[in-house]
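J.: Pasting a structure below so you can have a look.
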Amino acid sequence: MIAKIKPSTLHGIIHAPASKSSMQRACAAALLAKRKSIIRHPGHSNDDLAALDIIKRLGAEVAVNGEELIINNSGIARIDDEVNCGESGLSIRMFTPIIALSDKKIAITGEGSLVNRPMVFFDEILPQLGVEIKSNDGKLPLEVKGPLQPANIEIDGSLSSQFLTGLLMAYSAAKAQNVTIKVNKLASKPYIDLTLDVMKQFGLNVPENKNYEEFFFKSEIRSIKSEIEYTVEGDWSGGAFLLVAGAIAGPITVKGLDLTSTQADKTIMEALDKAHAMFAVEAKGLKLHPGQMKSFDFDATDCPDLFPPLVPLAAYCEGVTKIKGVNRLTHKESNRALSLQTEFKKMGLSIEIDDDVMVIRGTGKLNGAHVHSHHDHRIAMACAIAALKADGETVIEHADAVRKSYPDFYDDLQKLGANVSLNSRIKFHE
């Protein structure tokens, strides 16, 4: 799909999309809770749909009731001998240890860039837990056969916290007692806070968190609730693009973002503040409008998904912005550091990579250009937001990549008054 975006001024109120981080964790927790779960404000991104398909293949019954999902199950039960995680990095990393709770052999596959992401972690860790595993030289497809048996282990948490999320949930479901997961160099600690919070809300046994270096399961303590009710949070990752759009081309108000959330990407508010963006916290939501912005320094090591919205923010700031955490961008849907550098160069922005730091030389203006999403949802959204105040029209190839996390993205921009046209027939050649 091709998206054409012309310079626009935004007005109105918009609700942030549902958090796929929250939604996918809720699906996993509902599968393990062994009771009726009601999930409100569910997401419908490709990653969310992949998580729902996985739990169905593992025995969960899922029904739609208006704006709610009703999930019933009695534990892991292999319905199919294969599950497909789509392009969801969280699903493959979180559900693999959960799937390994089964004593049946199950194949785990994926699509797109996921097939090239490293999964050596499982080859090293799962055999220590009594799980048989085969992989394609550390990549998909995987084949696992449990049941997983909790044990004292030590893992490397520097690549992604998502591996730990899966282990924590699997240990809880396996009734781990008096065992410890030790973690070295844990990345994205706020996402583990979200995992532990979801586990608690679904009545799963929550381990003691010892400074994110050890997670100790003392004994099984489960909720006695007969029914679980959970509301999926608004997504700070997708919401960050809306907030930056408001700061560049508003005024708009963004609803549905919880300022007390444990989501890592809530720190977009810190970045907006450092950039001197004009925003206010109101009863209806977060209101943003354009103003003169300044360059800023920001550490995105624990929130690497903020790099894409931070680049257009920095582009419309005067001066040199430095964002730390580039090393976290390699194993995403694309190599995001290079993708951002390549596409924003076409729009007239200078981006340099200095080891773990991205250096952005903002001038306060960009040029419309023909750009490519690299099949990466966040690159597509970054280019779209940047286009709102660019000089001339911007054309985004493979713009439909946004379906992975925010399928309503272009519709929401149009509701706010953006000049966006979509065409699935036009072919664009670089």
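J.: What is the one condition in (1) in contact with a Lys or Arg (Cβ under 8 Å, 6 or more places away or on another chain); (2) crowded, with 23+ Cβ neighbours inside 10 Å; (3) not charged (D, E, K, R) that Ser421 does not satisfy?
T.: The failed condition is (2).
J.: Could you count how many residues in the range 135-149 are part of a loop (DSSP other than H, G, I, E, B) and out of contact with any Leu (no Cβ under 7 Å at 6 or more places or on another chain)?
T.: 5
J.: Could you pull out the residue among Asp265, Asp258, Asp302, Asp273 that is surrounded by 20 or more Cβ atoms within 10 Å (Cβ to Cβ) and of a type in the set (Asp, Glu)?
T.: Asp265
J.: Taking the residues in the range 166-187 that are at positive phi and among the basic types (Lys, Arg) as candidates, determine which candidate is surrounded by the most Cβ atoms within 10 Å (Cβ to Cβ).
T.: Ranking the candidates gives Lys175 first.
Listed here are the residues, each with its yes/no results for (1) assigned to a loop (DSSP other than H, G, I, E, B); (2) more than 23 Å from the chain's Cα centre (by Cα); (3) β-branched (Val, Ile, Thr).
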| residue | (1), (2), (3) |
| --- | --- |
| Leu338 | no, no, no |
| Phe344 | no, no, no |
| Glu352 | no, yes, no |
| Ile360 | no, yes, yes |
| Ile385 | no, no, yes |
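J.: What number goes with the only condition from (1) surrounded by fewer than 16 Cβ atoms within 10 Å (Cβ to Cβ); (2) among the hydrophobic types (A, V, I, L, M, F, W, C); (3) closer than 20 Å to Gly239 by Cα that Ile5 does not pass?
T.: (1) is the only condition that Ile5 fails.
J.: While we're here: Given Ala28, Ala16, which one is small (Gly, Ala, Ser), in contact with a helix residue (DSSP H, G or I) (Cβ under 7 Å, 6 or more places away or on another chain) and farther than 21 Å from Pro407 by Cα?
T.: Within the list Ala28, Ala16, the selection yields Ala28.
J.: Which of the residues spanning the range 59-83 are modelled with pLDDT of 95 or more, under 23 Å from Lys134 (Cα atoms) and buried (at least 20 other Cβ atoms within 10 Å of the Cβ)?
T.: Matches in the range 59-83: Val83 only.
J.: So, restricting to strands (runs of 3 or more DSSP E) that lie completely within the range 255-331, which ones have at least 1 residues that are over 19 Å from Leu10 (Cα atoms) and not assigned by TED's automatic domain parsing to the domain that holds Ser188?
T.: 297-299, 317-324
The values are calculated or read from the model by the stated rules, or taken from the named source; none is laboratory data. Given the structure is predicted, the values throughout are model-derived calculations rather than measurements. Positions of Cβ are generated from backbone atoms using ideal geometry, with glycine treated the same way; all protein chains shown enter the neighbour counts.
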